[in-house]
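Below: the structure, in structure tokens.
The values are calculated or read from the model by the stated rules, or taken from the named source; none is laboratory data. Just so you know, these numbers come straight off a predicted model, no measurement behind them. Note: ideal-geometry Cβ built from the backbone for every residue, glycine included; neighbour counts use all protein chains shown.
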Amino acid sequence: MAGETNVQSVRGMNDLLPGQIETWQRVEAAIREVSCRYGYREIRTPVVERTELFRRSIGEQTDIVEKEMYTFTDNNGDSLTLRPEATASCVRAGNEHGLLHNQTQRLWYVGPMFRHERPQKGRYRQFHQFGIEALGWAGSDIEAEIIAVGERLWSSLGITGLNLEINSLGSVSARANYRDALKAYLLDHVDALDADSQRRLERNPLRILDSKDSGTQEVLDGAPSLSDFLESAEREGFERLQQLLTAVNIRFSVNTRLVRGLDYYTGFVFEWTTDQLGAQSAICAGGRYDGLAEQLGGRAVPAAGFACGLERLIELVILQGEETPIQSPRVFVAALGEVAEVDAIRHAERLRGAGVDVQVNCGQGSLKKQLRRADNSSAEVAVIIDEEVAGTSAVKVKPLRGQGEQSTVPVNDLLASVQAITDSSN
Ligand code: ATP
Ligand code: MG
């Protein structure tokens, strides 16, 4: 209707258009290949879950649950939420289908996640994550494996220069002791903390370690260190992990202030960051979450995994990786007149049946116009059916990228002559 305003997409939620999608598909193919190389298998869970799932897993006092979730009541009165992440869903599915009963699982997923944050470069309201979850293993070996999966993905995409930081958060009790000590220390310095950190002091003092505020950072320089609160088994496990990473030449640094924004982590945590994308520097993050399966009503299952932000990863691929070719047909079929139209669809279907990507002009037009479209399509060969050859057993074949002269060939030789031309340019 005239005068109506255009309907727009929801703020922070993006269309991925042809031209962009090729890079996405390449990254997704690399994800599938690398995950498979390590024996991880794909899982697809629903985009909508019961709100309770995230309240019980991510934690009531986290940014995600406090302010970032898309939660609504459906027609039955149930509170549902668009998933802000997928680890909880994987564990729920594992519990629900008995996948964790006397079994281990190596899982991966890719899909959209939803968080109501302030949209900016690298931060969206619908974004995508690739993640892996290893369910059922307690040791440092699986932790090193998970990190190796990430490293192999970066290298398969031609990405270098990511910084890997690791830390050990310790058991729930070690962390509780540390939390008390940290809180007591910070209370003595409360006036020097930034407002956000002051607010966090009561409810979630560990998150203050994340603060980028320089005043708060200075206070933290004198704070007790989490590493001093680890029990000896935790310390040994963390050292073992470092040995294993070193054995396969994975570079990392230990950052004792690295904490994660989700409550379910226990033990080791890690994060890959880049200095090439500005403020949104975290590419991939994860860790161990041994308590989660039980927290969701199942039996205790040791677990570890990570989630990688695809928008940020793809920005890096575009910056650093080799260029992804745009999808284009091999052959463009131009047809002049109604008889030619019949030949065009028949020849095109035969070529497609033989595995060739073919685009038919469709919609007639002068030969000049059709050949311009052929050129814009990036096809290598034009098959021309003009008045001279329409309805006969011959077609005209024209190389479009400087691979020789136009010729007239018998229809039975069409595939061979198309292949000869495309082969000559590869
Ligand atoms: P950040 O500190 O950037 O908010 P986070 O700690 O909330 O990240 P996780 O929940 O661990 O992130 O998610 C893993 C990855 O998902 C992040 O490292 C990032 O690459 C990506 N990610 C998280 N939130 C967004 C978002 N709103 N838009 C785009 N990518 C995101
Ligand atoms: Mg966040």
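Couple of notes before you dig in:
- Strands (runs of 3 or more DSSP E) fully within the stretch 311-416 counting 3 or more residues that are crowded, with 19+ Cβ neighbours inside 10 Å and at pLDDT 95 or above: 331-335, 381-385, 394-399
- Count of residues meeting criterion [buried (at least 22 other Cβ atoms within 10 Å of the Cβ) and over 16 Å from the mean Cα position of the chain (by Cα)] in the stretch 99-139: 2
- Of residues in the stretch 258-308 being among the charged types (D, E, K, R) and over 18 Å from residue 143 (Cβ atoms), the one surrounded by the most Cβ atoms within 10 Å (Cβ to Cβ): 263
- Considering the stretch 177-262, the qualifying helices (runs of 4 or more DSSP H), each wholly inside and each with 2 or more residues that are touching a helix residue (DSSP H, G or I) at 6+ places or on another chain (Cβ under 8 Å) and in contact (Cβ under 8 Å) with a residue 40 or more places away in the chain, run over 232-247.
- In the stretch 93-108, the residues that are in contact (Cβ under 8 Å) with a residue 40 or more places away in the chain reach residues that are polar (S, T, N, Q) with C-beta atoms within less than 7 angstrom, at least six apart or across chains, in these pairs: 93/45; 94/105; 108/35.
The rows are residues; the columns are (1) more than 42 Å from the chain's Cα centre (by Cα); (2) β-branched (Val, Ile, Thr).
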{"site": "356", "(1), (2)": "no, yes"}
{"site": "368", "(1), (2)": "yes, no"}
{"site": "378", "(1), (2)": "no, no"}
{"site": "383", "(1), (2)": "no, yes"}
{"site": "405", "(1), (2)": "yes, no"}
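- Any hit, the stretch 26-43, residues being among the β-branched types (Val, Ile, Thr) and in contact with a Gly (Cβ under 7 Å, 6 or more places away or on another chain): no
- Meets criteria (out of contact with any strand residue (DSSP E or B) (no Cβ under 8 Å at 6 or more places or on another chain) and closer than 15 Å to residue 171 by Cβ) for residue 289: no
- Breaking point among (1) closer than 26 Å to residue 196 by Cβ; (2) assigned to a loop (DSSP other than H, G, I, E, B); (3) more than 16 Å from ligand 2 (Cβ to nearest atom), for residue 56: (2)
- Every residue from the stretch 61-85 that is over 26 Å from residue 107 (Cβ atoms), within 16 Å of ligand 1 (Cβ to nearest atom) and not in a helix (DSSP H, G or I): 61
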